[in-house]
């Protein structure tokens, strides 16, 4: 299977105020999927056993902060709900497109002394993510 880099990534957050592009000045996007477990070990069991419960997911994005950039900060207010779309190999036909309803957990800034200012945000999945072809 051929490898690829993240240079073709297209990511958008669509919310009630419009759509903001997250792909232009991004540094990283991380998708983390989990599932709850309930321990079902009992009696003479010699190893732990588990039952699965419900799925969960989070997305973490970071990018380079731009001067006088208020559109992105307005979109990334904690509590804004919307849809996150990540096209990790670009928008070409047949490439993966992940779509998920999310709740924005708020923008965070890192102000290093001698480097570029970064903005980051975590999005909590608010339902199932779907992966389709572009």
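The values are calculated or read from the model by the stated rules, or taken from the named source; none is laboratory data. Bear in mind the structure is a predicted one, so any value in this text is a computation, not a measurement. Here the Cβ is made from the backbone with ideal geometry for all residues, glycine too, and neighbour counts use every protein chain on show.
Data table
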| quantity | calculated |
| --- | --- |
| Strands (runs of 3 or more DSSP E) (entirely within the range 1-80) containing at least 1 residues that are modelled with pLDDT of 95 or more, under 18 Å from residue 128 (Cα atoms) and out of contact with any helix residue (DSSP H, G or I) (no Cβ under 6 Å at 6 or more places or on another chain) | 10-15, 26-39, 50-64 |
| Breaking point among (1) closer than 17 Å to residue 101 by Cβ; (2) in contact (Cβ under 8 Å) with a residue 12 or more places away in the chain; (3) surrounded by 11 or more Cβ atoms within 10 Å (Cβ to Cβ), for residue 19 | (2) |
| Residues that are exposed (fewer than 15 other Cβ atoms within 10 Å of the Cβ), closer than 25 Å to residue 5 by Cα and touching a strand residue (DSSP E or B) at 6+ places or on another chain (Cβ under 6 Å), drawn from the range 91-109 | 91, 94, 96 |
| Residue 116 vs. criteria in a strand (DSSP E or B) and either touching a residue at least 40 places away in the same chain (Cβ under 8 Å) or touching a helix residue (DSSP H, G or I) at 6+ places or on another chain (Cβ under 6 Å) (or both) | no |
